[in-house]
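Have a look at the structure below, then the notes.
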Amino acid sequence: MSENEKPVALITGGGRGMGEAIARELAANGYRLALMSPSESCEKLAAELGGVASRGVAEKAEDIKAIFDLTMKTYGRIDAVVNHTGHPPKGDLLDISDENWTLGSDMMVLSVVRMARLVTPVMLKQGKGAFVNITTFAAYEPSLVFPVSCAYRAAAGAFTKLYSDRYAADNIRMNCILPGYIDSLNHKPETADKIPMKRIGQMSEIAKTAAFLLSDGAGYITGQNIRVDGGVTRHV
């Protein structure tokens, strides 16, 4: 495969944590990369992995447009998108301001919608494509610890199903990964006790799941919310 034939992946939140792990996994699998993150971390990682980068945050439409434009200018195609963002504000349920609810919507729902608007015409022209949205294990078992995240990650899952229904026949897929307690954050030692596997998940495990869902090996999987949580969620 020539360099120009290698697939291209666009990753938001792609400078550190799970985003970095996914970028490294996809690079190892032969993808060319375009990374976005709020800090210089995306630029450093892109330089290391031979990709391109643009600083930005998922909640700003202009930043999403900038990384899309850079990707198309550089590579002329987009085969895979990973929508990954940070955590929205927390707070007691009714004390959370309208501004913070709006921020959560922009971060976790509209970021996915805006990216899809831009990238879908490209994938339609190419005849295929795949999205993976990183949400949370608590999307469908909501916790008062992070109400904004739970509400809007669930909404992202619903949009994922709607999008997948709309574009499945066009060979464009969209799925969500719902990570549990992952070592991208510093968890208390006792956290592992409530996980059936009795351990914190590894970023590399999220990365390998993402790489699979973006691959042709997952070509018949779309519209799914896939829990990668060591069994911590209870419903079946």
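A few points about this structure:
- Cα-based helix-to-principal-axis angle, 203-214 vs the chain, degrees rounded to 10: 50
- Cα-Cα over 26 Å, subset of Lys44/Lys128; Lys60/Lys188; Lys161/Lys208; Lys60/Lys194; Lys65/Lys188: Lys44/Lys128; Lys60/Lys188; Lys60/Lys194; Lys65/Lys188
- Cut-off 18 Å, label 7 Å out along Cα→Cβ of Met1, residues of region 20-59 by amide N: 22-35, 49-52
- Measure of compaction for region 8-228 (Cα Rg per 2.2 N^0.38 Å): 0.97
- Between Thr135, Thr209, Thr85, the GNM of the chain built on Cα springs shorter than 10 angstrom shows Thr209 fluctuating the most.
- With Cα atoms, 0 to 90° folded angle of helix 111-126 axis to the chain main axis: 30
- Average accessible surface for the chain: 48 Å² per residue, computed with a 1.4 Å probe over protein heavy atoms with every protein chain in place.
- Degrees separating the helix 147-167 axis from the principal Cα axis of the chain, which is the longest one: 40
- Computed [θ] at 222 nm, deg cm²/dmol, the chain (DSSP H ≥ 4; -39,500 (n - 2.57); rounded to nearest 500): -12500 deg cm²/dmol
- Förster radius 45 Å - calculated FRET efficiency between Asp95 and Ala28, Cβ distance, rounded to 0.05: 0.50
- Ligands, DNA and RNA left out, the accessible area of region 101-236 computed with a 1.4 Å probe is 58% carbon and sulfur.
The values are calculated or read from the model by the stated rules, or taken from the named source; none is laboratory data. Note that the structure is a prediction, hence the values are computed from the model and not measured. We place every Cβ from the backbone using ideal geometry, glycine too, and count neighbours over all the protein chains shown. Note: accessible area is taken over every heavy atom of the protein model, side chains too, but ligands, DNA and RNA are not part of it. Shrake-Rupley method; radii C 1.70, N 1.55, O 1.52, S 1.80 Å.
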